[in-house]
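> Input: one structure, supplied below.
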Amino acid sequence: MKKTAIFLIAICTHLVVFSQGNNYVQNYKKFEGLALTPPMGWNSWNKFACNVDEKLIRETADAMVSSGMKAAGYTYINIDDCWHGDRDSLGFIHADSKRFPSGIKALADYIHSKGLKIGIYSDAGSQTCGGRPGSRGYEFQDAQTYAKWGIDYLKYDWCNTEGLKAEGAYKTITAALRKAGRPIVLSICEWGNDKPWIWGQSVGHLWRTTGDIYNCFDCIEDHGTWKSWGVMQILDKQEGLRQYAGPGHWNDPDMLEVGNGMVINQDRAHFAMWAMIAAPLIAGNDLRKMSKQTIDILTNKEVIAINQDKLGVQGFKFSTKDSVETWFKPLEGDSWAVTFLNRSKTPKNIEFDWKNTTVDDALSKRSLNGNTITYKVRNVWTKKDEGSTKSKLKAIVPGQDVLMLVLKK
Ligand code: GLA
């Protein structure tokens with residue numbers, strides 16, 4: 001009897017130790033079911049850099065609704081760098097009390113009350129790129145704080161990460177977010193240095209593929225120790241990455257510069273190409289002061305539908321002729337988006353003979369055979385039906401602009 005009791009105690013002790021041990025098994029898998037189409041929203045960085053406060057964020061949420069952007073599908077209001085104050089004596093992070101006197105929870109409540117979602121920013125290193133407290137060593141604590149505040153999206157940057165390896169560092173914040181229990185979209189922002197497209201699919205919902213975008217159509221901005229990239233330069237850097245994108249896991253060529261000063265043709269081409277490559281559509285302009293032209297671009301529902309297509313297949317460059325690139329993107333229901341991108345500054349005449357064109361996309365296992373199938377042609381910028389693929393396409397594409405079509409059976 002005594003022996004049996006000792007045996008039972010031994011088994012129980014073993015079970016307790018074993019189950020406690022299991023408590024420390026980390027779950028490094030992201031929340032599934034989020035970002036099934038490329039995330040749409042706004043982020044403060046491109047226009048406001050460190051100049052963020054709660055008034056700006058509230059007004060931006062108001063403008064997202066009043067401008068029609070919410071109705072067009074934009075959801076996230078993301079505060080980028082520099083919202084942070086200090087950590088308290090227990091290590092908990094607090095917002096800058098001058099800039100965010102009501103605190104982030106109140107802001108989240110306000111944003112949620114408008115039917116929108118809120119995003120925040122941190123960094124895998126000791127400090128953010130803007131020199132604010134990073135999450136290194138505080139990952140689980142910060143994730144708890146974000147969950148308590150009601151955060152829906154976290155952009156997690158890669159400055160000041162001495163000695164860290166990207167995959168491991170991002171897995172730590174994924175495990176922390178999981179433990180905190182609130183489904184939060186994780187935006188991996190390590191600029192493509194360590195090929196996040198290879199390991200990122202189970203870790204985050206989108207990953208930056210490049211360094212920062214610069215507000216120009218075709219230029220490289222040299223900052224001395226680093227460079228930022230124009231729209232065309234970023235587009236070129238997406239080559240070879242399309243097989244890694246899909247529902248819940250997207251290549252992120254950085255946030256939009258639409259409305260920040262490029263001319264309308266360039267803004268239109270920028271937005272069109274981000275739609276074609278299934279990029280997250282995160283506006284980076286001042287939503288409170290938009291021209292009608294900017295609103296028209298950002299809220300073009302037919303272009304957005306190409307980006308948000310449920311198949312989630314990133315488009316690809318089919319051909320290049322005399323500075324004009326032809327891009328295709330397979331869409332649901334055997335439809336296709338086609339974009340002619342004129343990269344030069346001068347208008348170009350284009351001709352495209354659908355009937356003599358076969359497009360085979362091995363990735364999506366879709367093909368377009370203009371000889372056997374006739375498609376109806378719709379111009380998504382002019383919003384006009386333009387005949388069918390029975391006749392040859394003849395058009396002029398203005399300099400640094402696009403002709404963007406949807407082909408439907
Ligand atoms: C990095 C990121 C940017 C922005 C800044 C903030 O450069 O790539 O998108 O978040 O940091 O400091």
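The values are calculated or read from the model by the stated rules, or taken from the named source; none is laboratory data. Owing to the predicted nature of the structure, the values given are computational and were not obtained by experimental measurement. All Cβ positions, glycine included, derive from the backbone under ideal geometry; neighbour counts span all protein chains shown. Please note that ligands, DNA and RNA were not included when accessible areas were found on the heavy atoms of the full protein model with its side chains. Shrake-Rupley method; radii C 1.70, N 1.55, O 1.52, S 1.80 Å.
> Around residue 185, which amide H atoms from residues at least 5 apart in sequence, or from another chain, sit under 5 Å from its own amide H, with H modelled in the peptide plane?
Hits under the 5 Å cutoff: 153, 154.
> Mean-square fluctuation check for the chain, GNM, Cα pairs under 10 Å: which of 399, 284, 41 is largest?
Most flexible of the set in this elastic network: 399.
> Under a point-charge model restricted to the Cβ atoms of Lys and Arg (+1) and Asp and Glu (-1), what is the dipole moment magnitude of the chain relative to its Cα centre, in debye to the nearest 20? Intermediate results must be reported in sequence, preceding the final value.
On the way: 52 positive and 45 negative charges, 251 e Å.
So the magnitude is around 1200 debye.
> Compute the acute angle (0 to 90°) between the alpha-carbon long axis of helix 139-149 and the principal axis of greatest extent of the alpha-carbon atoms of the chain; round to the nearest 10°.
70
> Using a 7 Å offset from Cα along Cα-Cβ at residue 87, what residues in segment 147-176 end up with backbone N under 19 Å from the label point?
147-149, 155-165, 169-176
> Can you list residues whose amide H is under 5 Å from residue 331's amide H, if they're 5+ apart or on another chain and H is modeled 1.01 Å from N?
Counting only residues 5 or more places away or on other chains, the set is 336, 337.
> Rounded, prolate or oblate for the chain? Axes are the square roots of the Cα gyration tensor eigenvalues, ordered a ≥ b ≥ c, and the cut-off for rounded is a/c under 1.5. Intermediate results must be reported in sequence, preceding the final value.
Details: a/c = 2.27, a/b = 1.62, b/c = 1.40.
Cα axes put the chain in the prolate bin.
> For segment 95-133 and segment 193-208, what is the separation of their C-alpha centers, rounded to whole Å?
24
> While we're on this one: Under the classification rounded if a/c is under 1.5, otherwise prolate if a/b is larger than b/c and oblate if not, where does segment 222-280 fall, given a ≥ b ≥ c as square roots of the Cα gyration tensor eigenvalues?
Values: a/c = 2.17, a/b = 1.24, b/c = 1.75.
Cα axes put segment 222-280 in the oblate bin.
> Here is a follow-up. So what is the accessible area of segment 316-408 per residue, in Å², with the probe set to 1.4 Å?
Working: 4700 Å² over 93 residues.
So segment 316-408 comes to 51 Å² accessible per residue, rounded to a whole number.
> Something else about it: Heavy atoms only, probe 1.4 Å: what % of the accessible area of the chain goes to carbon and sulfur, would you let me know? Can you show the working numbers first?
On the way: 9430 of 18160 Å².
Its accessible area is 52 percent carbon and sulfur atoms.
> Using a probe radius of 1.4 Å on heavy atoms only, what accessible surface per residue do you get for segment 164-243? Whole Å² is fine.
Working: 3300 Å² over 80 residues.
Per residue, segment 164-243 has an accessible area of 41 Å².
> Right, something else. Compare 231, 359, 258 in a GNM of the chain, Cα atoms joined below 10 Å, and give the one with the largest fluctuation.
For the chain, modelled as a Gaussian network with Cα springs under 10 Å, the answer is 359.
> Write out the chymotrypsin sites (Phe, Trp or Tyr not before Pro) in segment 190-290 meeting two conditions: DSSP loop, and at most 10 other Cβ atoms within 10 Å of their Cβ.
Loop-located and lightly packed - 226.
> Same structure, new question: Let me know the shape class of segment 316-408, please: from the alpha-carbon gyration tensor, a ≥ b ≥ c as square roots of the eigenvalues, rounded when a/c is under 1.5, otherwise prolate if a/b is greater than b/c, or oblate. Please report the intermediate quantities before stating the final value.
Details: a/c = 1.69, a/b = 1.40, b/c = 1.20.
Cα axes put segment 316-408 in the prolate bin.
> Could you work out how far apart the two model spin labels at residue 296 and residue 320 are, taking each label as a point 7 Å from the Cα in the direction of the beta carbon, and quote it in nm?
It is 3.1 nm.
> Further question on the same structure: Please enumerate, by chain and number, the lysines with C-alpha under 17 Å from the C-alpha of residue 365, excluding those fewer than 8 residues away in the same chain.
310, 317, 329
> Test of understanding: what is the full-extension gain from residue 218 to residue 106, defined as 0.36 nm times their sequence separation minus their Cα-Cα distance? Don't jump to the answer; show the numbers that get you there.
Values: separation 112, 0.36 × 112 = 40.32 nm, distance 4.08 nm.
Contour length minus Cα-Cα distance gives 36.2 nm.
> OK, next. When we measure straight from the Cα of residue 292, which lysines land under 21 angstrom away, once same-chain ones fewer than 8 places off are left out?
Partners found: 47, 70, 301, 383, 384.
> Which value in deg cm²/dmol, rounded to the nearest 500, describes the helix-derived mean residue ellipticity at 222 nm for the chain, given -39,500 (n - 2.57) per DSSP H run of n ≥ 4 and division by the residue count? Let's see the in-between values first.
Values: 12 runs with 117 residues, N = 409.
Value at 222 nm, helices only, nearest 500: -8500 deg cm²/dmol.
> With label points built 7 Å along Cα→Cβ from the Cα atoms of residue 394 and residue 239, find their separation and express it in nm.
Calculated label separation equals 3.3 nm.
> Would you count, across segment 119-267, every pair of lysines whose alpha carbons are under 28 angstrom apart, provided the pair is eight or more residues apart or spans two chains?
Qualifying lysine pairs in segment 119-267: 20.
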